[in-house]
Structures are given as structure tokens and as C-alpha cells.
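First up is the structure itself, then whatever we jot down about it.
The values are calculated or read from the model by the stated rules, or taken from the named source; none is laboratory data. Because the structure is predicted, anything quoted here is derived from the model rather than measured. Note that we place each Cβ from the backbone using ideal geometry, even for glycine, and neighbour counts take in every protein chain shown. Ligands, DNA and RNA are stripped out before the accessible areas are found, and what is left, the full protein with its side chains, is counted by its heavy atoms. Shrake-Rupley method; radii C 1.70, N 1.55, O 1.52, S 1.80 Å.
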Amino acid sequence: MSAGQFWPGRYTDRHGTEVVVFESDGRESIRTTIRGVRFEGDSMDDLGALGGEPPEAPFAFFDGALCSCLLEWEVPMPVAVEGQGVRTAVLDCALRLGGPAGPGRGLDAETLTTTLRFDGRTYQNKDGQGDFESALHDVQRQLPSGVRLQACIACAWSDYNPAGNGLMAGLACFRDVKDRYRQVDGKHGPTGIFAIWDEYTEFVQETWLCGEFEHRAADAGYRGSFPSRPWS
């Protein structure tokens with residue numbers, strides 16, 4: 001895998017806005033420092049204070065993770081353009097984390113917005129999509145013909161567990177068992193995803209990229225093509 005990335009961003013809550021930098025290893029670790037406090041998590045909606053109990057205000061927490069705030073960050077996104085090779089776009093991400101909904105009711109819904117900036121135009125996912133899988137499928141569908149995202153979400157060797165996935169970083173990479181993964185055509189049976197699930201190489205973030213990337217073929221693996229066909 002390539003070296004870690006630093007994503008410029010902002011943190012906003014009722015106390016104001018802070019310029020921050022998010023450090024990502026591309027797998028299941030995101031770190032940042034906000035108002036002098038170090039945070040870490042395996043996803044942007046699971047950032048907890050490092051080394052012990054959550055600090056006192058000016059932060060809001062639910063089950064040890066930040067809530068009632070807006071997280072914004074920029075991710076460099078390679079884009080393959082037919083006839084031109086690979087170019088770099090920018091993916092602007094904004095995640096609004098709700099507050100406690102009431103006793104025994106968890107948190108208010110979180111809202112994810114992803115906007116790809118490329119060639120002077122913007123491509124934004126639709127409202128109501130709560131994870132990077134859905135958001136990036138939607139962004140890809142809007143891109144002109146011959147323009148394809150080049151990231152783990154679009155790779156031939158990645159797949160999700162049929163049990164579901166969270167906001168991000170739940171994408172399993174099967175690059176070390178490519179021959180076996182090529183045979184996957186569903187969920188169960190000798191060629192189902194469960195038959196090779198324990199052989200995955202590692203979990204990766206959807207926006208990550210390594211040197212073994214290959215564009216995903218139509219209807220490959222358990223999850224199928226990228227982008228998937230939208231619901232009618």
C-alpha cells in the first residue's frame with residue numbers, strides 16, 4: 001500500500017470552526033487534533049479521544065465518539081480519462097453528525113455529502129445516502145463517458161460483507177487471492193463470497209488506492225459492477 005495521506009479539513013460545532021488536518025493510513029485509522037485534543041477512529045463517524053476518557057466541553061460525545069458537529073475534508077482522487085491517462089481530481093467530503101435523539105434512541109441521522117471537482121465541474125451525490133459506497137456510486141454515474149474513478153471502491157479486487165457496512169473503511173481487499181476472487185458470483189456456495197471471506201488481505205477505505213488497482217468488470221464478485229445499476 002502507498003504511504004499515508006493528510007487531508008485538509010475543518011471541524012465545526014456550536015462553539016465555532018477549527019481548521020484541522022486528518023491523517024489517514026488508508027485502512028482503518030483516521031487521526032486528527034482538534035482544540036489540542038488528539039482523536040482517532042476507524043471511520044469519520046467514530047472519532048474518539050486517544051488515551052482514555054473523552055475530554056470535557058467544548059465537545060459533544062455519544063458512546064465515546066464525537067457527535068453534534070460537522071466534519072469537512074478534501075481527498076485527492078485519481079480519475080482515469082480515456083485517451084488522456086490518469087488525472088487528479090478533488091473529492092470534497094462533508095459529514096454532519098447528529099446529536100443524541102433521546103433516551104434509548106441513539107443519535108439523530110448523519111448526513112454525508114461528497115462532491116467531486118474535476119475539469120471545472122462538480123459532481124455531487126444525492127441527498128439521503130449515508131455511506132461512501134452509495135455516494136461514490138452516484139458520483140460515478142454522473143461522470144461523462146470515458147471518465148472513471150480510480151480508487152478502491154472501483155477496484156476489481158474489493159468487496160463488502162453481505163451483512164452490510166458502515167460509513168467507510170468496511171471494504172475488504174482480496175488482492176492476495178485474485179484467482180479465487182475472480183470466481184465469486186454470489187453469496188453462498190463454493191463460489192460465494194463467504195467461501196473466501198476469511199482470506200481477505202485487509203480492510204481499506206473506499207477512496208484509497210494501491211499499485212494493484214484494476215478497474216472493476218461488470219457484475220464481478222458479490223457486490224457486482226461499479227457503478228451499480230440505480231434502483232428504478
Computed on Cα atoms only, the convex hull of the chain has an orientation-averaged projected area in nm² of 14.5
Each label sits 7 Å from Cα toward the beta-carbon; between residue 40 and residue 188 the label points are separated, in nm, by 4.0
A 1.4 Å probe over the protein heavy atoms gives the range 126-170 a carbon and sulfur accessible-area percentage of 43
Beyond 27 Å, the calculated P(r) of the range 1-128 holds a percent of Cα-Cα pairs equal to 25
Computed over the chain, protein heavy atoms only, probe 1.4 angstrom, the accessible area per residue in square angstrom equals 49
hull vol. (C-alpha, convex hull) per residue for the range 1-75, Å³ -> 87
The percentage of the accessible area of the range 1-107 (probe 1.4 Å, all protein chains present) made up of carbon and sulfur atoms, to the nearest whole number, is 48
Dividing the surface of the Cα convex hull of the range 58-196 by four yields a projected area in nm² of 11.5
Computed from the beta carbon distance with a Förster radius of 25 Å, FRET efficiency for residue 6 and residue 202 to the nearest 0.05 stands at 0.75
Rounded to the nearest whole number, the Stokes-Einstein translational diffusion coefficient of the range 147-232 at 37 °C and 0.692 mPa s (Kirkwood radius, C-alpha pairs) in µm²/s is 254
Applying the gyration tensor rule to the Cα atoms of the range 161-202 (axes a ≥ b ≥ c; rounded if a/c under 1.5, else prolate if a/b exceeds b/c, else oblate), the class is oblate
